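The values are calculated or read from the model by the stated rules, or taken from the named source; none is laboratory data. Just so we're clear, the structure is a prediction, and the values are computed from it rather than from any experiment. FYI the Cβ positions are ideal-geometry reconstructions off the backbone, even for glycines, and counts take in every protein chain you see.
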Amino acid sequence: MWQKSLPSPHLHYFDNENLTRLLAGVGFSLVLQRELPALRAQGLKERLGYVGNPNPLVLWGQYVVIRSLIPVLRLFPSDIIVGIYRREE
């Protein structure tokens with residue numbers, strides 16, 4: 001996993017279908033659903049340097065390679081979804 005050894009706020013993982021089904025069971029309906037980019041250039045170098053004390057040359061090498069792959073990665077589905085739901089009355 002990309003976030004290995006990094007603190008993660010994730011408690012659960014959902015996809016479009018199971019999240020909508022879960023919320024429908026407690027009276028919510030889907031209003032809008034979008035994907036967010038899985039990887040962003042902003043803050044990438046800082047994130048790569050977060051763990052340990054990386055060699056600066058290795059850090060910059062990783063940054064350049066990953067940064068150059070971002071346009072290619074955008075061709076694939078994102079693993080980040082945002083859903084807006086409304087409680088039915």
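When Ile84 is tested against the conditions (1) outside any loop (DSSP other than H, G, I, E, B); (2) outside the structural domain of Leu23 (by TED's automatic domain parsing); (3) surrounded by fewer than 11 Cβ atoms within 10 Å (Cβ to Cβ), the lone failure is (2). Identify all residues within the range 26-47 that are assigned to a helix (DSSP H, G or I) and more than 15 Å from the chain's Cα centre (by Cα); write none if there are none. Those that are assigned to a helix (DSSP H, G or I) and more than 15 Å from the chain's Cα centre (by Cα): Lys45, Glu46.
Reported count of residues in the range 31-89, each being over 30 Å from Glu17 (Cα atoms), free of Cβ contacts under 8 Å to residues at least 12 places away in the same chain and of a type in the set (Val, Ile, Thr), is 3. Name the single residue, out of those in the range 15-57 being surrounded by fewer than 12 Cβ atoms within 10 Å (Cβ to Cβ) and of a type in the set (Asp, Glu), that is farthest from Arg87 (Cα to Cα). In this case the residue turns out to be Glu46.
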